[in-house]
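Participant: Before we start, here is the structure in question, set down as structure tokens.
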Amino acid sequence: APVVRANALKMWANSDRFPHDALEAYLSKLVPESPRALNERSNLNGNGIHVEAAALAAIPIVVITGDQDPRHPREIDEAVAAYFGAEFVWLADRGITGHGHMMMIERGHDAIANLFLDWLDARGR
């Protein structure tokens, strides 16, 4: 599936903290998504990735979600975290706002990285 500029702007480059001055460079690095990945994500014909929560029970998991990510609404990611017995972090609850799907490249990503590093340290990782 080709990268469509309008979709990229809507789904990935939409948050307040996205570096819009680097948008063209970002868009130029995106590559088409493979049909297989799209089919798995959409669970087309039951081909989605199936993970048993029990298989991950011994692994510490955290789900971190930004308040401006249209692909990951709070209620969905919170339910995913609960299914896997994971900790759920809604960044806005921690005072970290304005982040979307591409939080790792957005301005202020260092606060998210520090939150995650603290989470790892608390688990001896």
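The values are calculated or read from the model by the stated rules, or taken from the named source; none is laboratory data. These numbers come from a predicted model, not from an experiment. With ideal geometry, Cβ positions are generated from the backbone for all residues, glycine too; neighbour counts draw on all protein chains shown. Note: areas computed on protein heavy atoms with side chains; ligands, DNA, RNA excluded. Shrake-Rupley method; radii C 1.70, N 1.55, O 1.52, S 1.80 Å.
Participant: Ala54 - would you say it is surrounded by fewer than 12 Cβ atoms within 10 Å (Cβ to Cβ), hydrophobic (A, V, I, L, M, F, W, C), in a helix (DSSP H, G or I) and over 18 Å from the mean Cα position of the chain (by Cα)?
Facilitator: Yes; evaluated as a whole, the condition is true for this residue.
Participant: Another question about this same structure. Suppose we keep only residues that are open to solvent by less than 50 Å² (accessible area, probe 1.4 Å) and small (Gly, Ala, Ser) within region 95-117. Which one would you say is nearest to the chain's Cα centre (by Cα)?
Facilitator: Gly100
Participant: Something else now. Give me the pairs: first residue in region 14-34 and modelled with pLDDT under 90, second residue open to solvent by 60 Å² or more (accessible area, probe 1.4 Å), beta-carbon distance under 9 Å, and six or more apart or on different chains, which are they?
Facilitator: Final answer for the pair search is Pro32/Pro2; Glu33/Pro2; Glu33/Arg41.
Participant: Now for a separate question. Can you name the number of the only condition in (1) in contact with a Gly (Cβ under 6 Å, 6 or more places away or on another chain); (2) under 23 Å from Phe116 (Cα atoms) that Ile96 fails?
Facilitator: That leaves (1) as the condition not met.
Participant: Considering region 81-94 alone, what residues qualify as being part of a helix (DSSP H, G or I) and surrounded by 16 or more Cβ atoms within 10 Å (Cβ to Cβ)?
Facilitator: Passing the criteria: Ala81, Phe84, Leu91.
Participant: With the checklist (1) part of a loop (DSSP other than H, G, I, E, B); (2) open to solvent by less than 50 Å² (accessible area, probe 1.4 Å); (3) of a type outside the set (A, V, I, L, M); (4) within 28 Å of Leu23 (Cα to Cα) in hand, flag the one item Pro60 doesn't pass.
Facilitator: The single condition Pro60 does not satisfy is (4).
Participant: Taking the conditions exactly as written (small (Gly, Ala, Ser) and assigned to a helix (DSSP H, G or I)), does Ala1 satisfy them or not?
Facilitator: no
Participant: Suppose we filter Arg74, Arg36, Arg41 for residues that are in contact with a strand residue (DSSP E or B) (Cβ under 7 Å, 6 or more places away or on another chain) and surrounded by 10 or more Cβ atoms within 10 Å (Cβ to Cβ); which single one remains?
Facilitator: Arg74
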